[in-house]
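The next block holds one structure in the form of structure tokens; read it before the comments.
Every number in this text was worked out from the coordinates using simple rules, so none of it is lab data. Since we're looking at a predicted model, the values are computed, not measured. No Cβ is skipped: glycine too gets one built from the backbone with ideal geometry, and neighbour counts run over all protein chains shown.
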Amino acid sequence: MDRRKALVAALVVALTLVAGSPPRIYGDGGEYVALALNFAYLRGPAIAEDAIPGLSAAIVRHEPRLANWDITRASVSGRAGGRDFVHFWLYPLLATPAIWVTDAVGVHPAFAFTALNLCLLGLALWICLPRLGAPALLLLFCGPIVWWIDKPHTEIFTFTLLAIAFALFRERPWWSMIAAGAAAAQNPPIAALVGLIAAGTLISNRACLRDARFWWGTATGVSLALLHPLYYLATQGTPSLLISTTRRSLPRLVEWSAVVVDPDIGILANYPAIVIAALAGFLVVLVRRPRELLASDVLAAGVAAAVFLFSFAQSANFHHGGTPSMSRYALWLVPLLIPLLDRAGRLGGRLWTAGLWSVALVSAVVCVFVFHPRMSENSREPTLLADYLWTKHPGWNNPLPEVFVETITGTEDPWLPVTTDRCEKVLLSSSGEGERWPIPCFPAATPQACLVPGFLCYANLEDGRYRFARATIPDGQHFKVRRELAWPASAEPRVRKLFIEFEWWRLHLAGADSPVLRSSHGAERVWVYEGPDRYLFVILRPGPDAELLLRLPQRMRGRLVDVGEAGQGQEIQFDGAPHEMWHVPLPAGSKVLVLALASAGER
């Protein structure tokens, strides 16, 4: 395929996507914009105290959402008096020429990073196309990475440099090490790849010992990789400020595997086409020429994947935001498939090519919609797979508590308890005798194993009863209990008895969408458990003159119970015609009331 035509086509697609997306700054983008502006004003890389008001004003002028973002609080004072961000300055330095242009014409600085990102993507496409072919390139470059095209963030930088490093691994390892070293300057774990390329090249091709280009490439790659730790050692006395954002404990399997298999942030749920292609490519190489799986670049990709997964698992913020759903760390893994896809393309023949075209085309069409740059962050959460598992088969997956809490609540506040809409999956606190169960879920008796400090518990509703699974609280993470949305601890036995009496497991939690609940006045919220012959209405904080307006299908009777008080509650009865409007006055001053009704023939 002609590279020029491919590059023009890719540019047209990219510009079309960018044109439909307003410029915005997400995640750590404010840091990169501030650094780029600092360089553009011929300062830096550290930010001087007197430069902060001007940088803040320049950012807020284009991005009012960052009016409360404080550069001083987001940075760390250095030994020479300047301030450094946790994230390194090489990527924003590259955007400086484009920042001069955007600053001169008065447009959003995100456009400068868009221009840089497009240049990086174009360079990677130019290098990778003749080595991988069009279908593999379409699969890799028209995936979730498209969301980042117009964002001031390092994902395009890291993705493209890793792609270049693996595309040139065997043919021009000196350029491969330079690309890996540049990526490592921004993200230190990638430094391991420089050593892997050098070692793999020397093992497979001893002639490189006599090639000056190899040694220049090695020296440049190592120098770039050392730029990050040497700078921070000189200015901050530590090899990296990123260390402060990591955990100190050995990660567990659920943390190691999260960016791959987690149904919400993992690559499997968000980018299944790449997983299908990887498995199919592995099988093709295994059947046709298995010794190729021991090639230096394939082994280097495997070792790099293990290093990357370990570094991801050390992150103190798994659910980091700044993405529609898939963890941005997972994007590092995509270019690692280049050696495998390259071999599968050469060994698989026409059948492989046809199959890869089919997978790539379907994936590209889906990704340009679901990962269109205009999509807001967290807009695809929970994913279809996560929603299916957590509501239909909740016991099959117990994700990291941080991921579940922030996905369900839509905030970064670590509040418990948290539940899916219909109480299929609940994450409980381990607060001893305190509030544990969210209203309106059935407050099942919690096993002692769920009350151990350092652990939380998932309660998974299966076959009409809750089954419990412990979840470890990662080091340094703290959860708070939102008591106002939980059943009072003293009321749990009474609620449990009432729900069991009315056979709650036979009922469907309809929320406020039940056809029998026409409206509610004066209550903060109402939930409805409904069945063919009985109902449970859970009413949160009724105020003065509060009432329910119901249209019941038959005569019913039951009780209106204030669960915070001992006693049977108020007997109540409906003797009207079917679907006749029934006004039920509610006493004020209670935290939560339960109106339990069953058909008159059942009581």
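Remarks
- Three-way shape label, the range 384-486, alpha-carbon gyration tensor, a/c 1.5: rounded
- Stretched out straight at 0.36 nm per residue, the stretch from Leu7 to Ile500 would grow longer than its current Cα-Cα span by 170.9 nm.
- Taking 15 Å as the straight-line reach from the Cα of Lys5, none of the aspartates and glutamates fall in range once those fewer than 8 positions away in the same chain are excluded.
- In the frame of its principal axes, the range 499-562 has Cα extents of 32, 22, 20 Å, reported largest first.
- Evaluated with a Cβ-only charge set (Lys, Arg +1; Asp, Glu -1), the range 282-343 carries a dipole of roughly 140 debye about its Cα centre, given to the nearest 20.
- Gain upon complete extension [Thr472, Ala306; 0.36 nm per residue less C-alpha separation]: 57.5 nm
- Listed by Cβ neighbour count within 10 Å, with the fewest neighbours leading, Arg170, Arg470 appear as Arg470, Arg170.
- Averaging Cα coordinates gives a centre for the range 235-260 and one for the range 404-480; these two points are 26 Å apart.
- Summarising the amide proton neighbourhood of Leu416: residues at separation of 5 or more, or on other chains, whose placed amide H is nearer than 5 Å comprise Lys480, Val481, Arg482.
- Spatially proximal aspartates and glutamates relative to Lys151 (Cα-Cα < 18 Å; intrachain offsets below 8 disregarded): Asp28, Glu31, Glu63, Asp103, Glu377
- Note that the range 164-174 has calculated 3J(HN,Hα) couplings of 5, 4, 7, 5, 9, 3, 8, 7, 9, x, 5 Hz, one per residue in order, obtained from phi through the Karplus relation 6.51 cos²θ - 1.76 cosθ + 1.60 (θ = phi - 60°); glycine and proline are x.
- For the range 443-450, backbone phi angles converted through the Karplus equation (6.51, -1.76, 1.60; θ = phi - 60°) give residue-by-residue couplings of x, 5, 4, 8, x, 4, 4, 8 Hz, Gly and Pro being listed as x.
- At an R0 of 60 angstrom, the distance between the Cβ atoms of Asp513 and Leu123 translates into a FRET efficiency of 0.70.
- Cys residues of the chain that find no other Cys beta carbon under 4.7 Å: Cys119, Cys128, Cys142, Cys208, Cys367.
- Förster radius 30 Å - calculated FRET efficiency between Glu571 and Arg465 (Cβ-Cβ, nearest 0.05): 0.55
- Reachable lysines from Lys497, criterion Cα separation under 24 angstrom, eight or more residues apart if same chain: Lys425, Lys591
- The range 144-214 versus the range 94-141: alpha-carbon centroid distance in Å: 17 Å
- Dipole of the range 384-486 computed with +1 at Lys/Arg Cβ and -1 at Asp/Glu Cβ about the Cα centre; of Pro399, Leu384, Gln448, farthest Cα towards the positive end is Gln448.
- Rounded to the nearest whole Hz, the Karplus-based 3J(HN,Hα) values (6.51 cos²θ - 1.76 cosθ + 1.60, θ = phi - 60°) of the range 15-32 follow the sequence 5, 5, 5, 5, 4, x, 10, x, x, 9, 10, 10, x, 8, x, x, 5, 5, with x at glycine and proline.
- Relative to the current alpha-carbon distance between Asp387 and Glu580, full extension at 0.36 nm per residue lengthens the span by 65.8 nm.
- Contact order for the range 357-425, expressed relative to its length and based on alpha carbon pairs under 8 Å spaced 6+ residues apart, stands at 28 percent.
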